[in-house]
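A short worksheet on the structure shown next.
The values are calculated or read from the model by the stated rules, or taken from the named source; none is laboratory data. Remember, it's a predicted structure, so these values are computed and weren't measured experimentally. Glycine also receives a Cβ, built like all others from the backbone with ideal geometry; neighbour counts cover every protein chain displayed. Side chains are part of the model used for accessible areas, which takes the heavy atoms of the whole protein and leaves out ligands, DNA and RNA. Shrake-Rupley method; radii C 1.70, N 1.55, O 1.52, S 1.80 Å.
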Amino acid sequence: MKMIESVYQANTYIADLKNKGKTIGLVPTLGGLHSGHQLLMQKAREENDITLISIFLNPMQFRKKQFDAYPSDFEQDKRVAKATQVDMIFHPTVKEMFPFVEQIDDFFKYQENELIDRDREHFVREDKNGIDNLISVPANLVYRLDGTMHPWVFDGAATIVYKLFEVLQPHNAYFGEKDIQQLAILTNMAASYFPDITVIGVPTLRDADQLAFSSRNVLLSAEQRQSALSVYHALQHGEKLIREGESDTHIVLNAMKEIIKAQPLVQIDYIDIVEKGSLQSSKQIKGDTILYAAFFVKGIRLTDTLIVDL
Ligand code: PAF
């Protein structure tokens, strides 16, 4: 397994693979690798000659406190990647990816300025705030689900994935369906700037107790983990109501909230029911639907998603 830290070295490595006519599958990650990531890597291995992963804790996607607390252990991540037979880990420094940002705290300043002008329908790419190729996600994709509360998180994800696509030039890139809005945004971002790259969504992997795998799960005590599961139970209950014929969004949403509210350790950050294609909510549930919740368990933010294909 090769380890590359610099963009320059990555360019050489990729050029060689392209010369040899190899197909490249990429799994971008923030580190903290778990079985959910392994599923993405396995899929990349099945569908490509070469599997690359990136491990980069992207400051654009976090508030300072969350950034500092993110559970990452590079040695452990390397073991997981090796066990999954990854060919190369791209592990750049912040300076390598954002050469014009002077210090890391600069990233956190811009997050307060959440109401930036953004195009309704089109991605915009510009050099701004010291960030080259900063991508602003269009309003019709970002002001949905919990993007309404922190749109900058998605600008951050789109920007770093844009940069990774430029450097690593994959044929296919793999992302979890758990982060359904991110998946929709990155699919559209790729269509706008990288028409040759296919973005592939991989279904959510759950642990034996059914909690969706997440890097932050390691921060939960047994009791907190049990409480976090109530959110999945709520989503499952919502699905059951919909499958039984309930089409009133308000009724299904309230039934889900009641289940979660019974858990004192869980605090809902955002919960909604939206149409699968547009990510828009409407009063009536019709067609394929996404049940989505973002929540805190003792300050640890988690999300869960359930897709109801009708
Ligand atoms: O979902 C993630 O892990 C991150 O948002 C991603 C796609 C790696 C970009 O930093």
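Contact annotation: no residue pair with Cβ atoms under 7 Å, 6 or more positions apart or on different chains, pairs a residue in the stretch 16-34 that is more than 24 Å from Arg79 (Cβ to Cβ) with a partner that is within 14 Å of the ligand (Cβ to nearest atom) and assigned to a strand (DSSP E or B). If you go through the stretch 108-120 and keep only what is surrounded by 10 or more Cβ atoms within 10 Å (Cβ to Cβ) and modelled with pLDDT of 65 or more, you end up with Phe108, Lys109, Tyr110, Gln111, Ile116, Arg118, Asp119.
Give the residues of the stretch 178-196 that are part of a loop (DSSP other than H, G, I, E, B) and within 11 Å of the ligand (Cβ to nearest atom), sorted by residue number. Answer for the stretch 178-196, where residues must be part of a loop (DSSP other than H, G, I, E, B) and within 11 Å of the ligand (Cβ to nearest atom): Lys178, Asp179. Residue count for the stretch 171-204 satisfying the condition of being among the aliphatic types (A, V, I, L, M) and over 18 Å from Ile53 (Cα atoms): 5.
Can you tell me which residue is surrounded by the most Cβ atoms within 10 Å (Cβ to Cβ) among those in the stretch 33-67 that are β-branched (Val, Ile, Thr) and either within 14 Å of the ligand (Cβ to nearest atom) or assigned to a loop (DSSP other than H, G, I, E, B) (or both)?
So the first thing to find is which residues in the stretch 33-67 are β-branched (Val, Ile, Thr), and the list is 50-51, 53, 55.
Within this subset, residues satisfying the condition of being either within 14 Å of the ligand (Cβ to nearest atom) or assigned to a loop (DSSP other than H, G, I, E, B) (or both) are 53, 55.
Numbers: Ile53: 29, Ile55: 22.
Residue satisfying both the conditions and the ranking: Ile53.
If you go through the stretch 216-226 one residue at a time, do you hit one that is part of a helix (DSSP H, G or I), more than 16 Å from the ligand (Cβ to nearest atom) and open to solvent by less than 60 Å² (accessible area, probe 1.4 Å)? Looking through the stretch 216-226, at least one residue is part of a helix (DSSP H, G or I), more than 16 Å from the ligand (Cβ to nearest atom) and open to solvent by less than 60 Å² (accessible area, probe 1.4 Å). Here are some residues: Tyr162, Tyr174. Which one is within 13 Å of the ligand (Cβ to nearest atom) and assigned to a helix (DSSP H, G or I)? One residue alone meets the criteria, Tyr162. Looking at the stretch 1-32 only, could you name the residues that are open to solvent by 40 Å² or more (accessible area, probe 1.4 Å), over 15 Å from the mean Cα position of the chain (by Cα) and under 20 Å from Leu186 (Cβ atoms)? Result: Thr23, single match. Considering the stretch 225-281 alone, what residues qualify as being touching a strand residue (DSSP E or B) at 6+ places or on another chain (Cβ under 8 Å), more than 22 Å from Arg144 (Cα to Cα) and hydrophobic (A, V, I, L, M, F, W, C)? The answer is Ala228, Leu265, Val266. In the stretch 244-270, the residues that are among the polar types (S, T, N, Q) form Cβ pairs under 7 Å with partners that are open to solvent by less than 60 Å² (accessible area, probe 1.4 Å), at six or more places apart or across chains, as follows: Ser247/Ile285; Thr249/Ile273; Thr249/Ser282; Thr249/Ile285; Gln263/Ser227; Gln263/Ser230; Gln267/Phe295; Gln267/Phe296. Of all residues in the stretch 270-293, those satisfying the criterion of being within 21 Å of Ser215 (Cα to Cα) and either at pLDDT below 95 or among the hydroxyl-bearing types (Ser, Thr, Tyr) (or both) are Tyr270, Tyr292. Scanning the stretch 68-103 for residues that are open to solvent by 30 Å² or more (accessible area, probe 1.4 Å), over 23 Å from Arg301 (Cα atoms), in a helix (DSSP H, G or I) and within 16 Å of the ligand (Cβ to nearest atom) gives Val94, Glu96. Considering the stretch 239-257, the residues that are under 15 Å from Lys286 (Cβ atoms) and among the small types (Gly, Ala, Ser) include one that is surrounded by the most Cβ atoms within 10 Å (Cβ to Cβ), namely Ser247.
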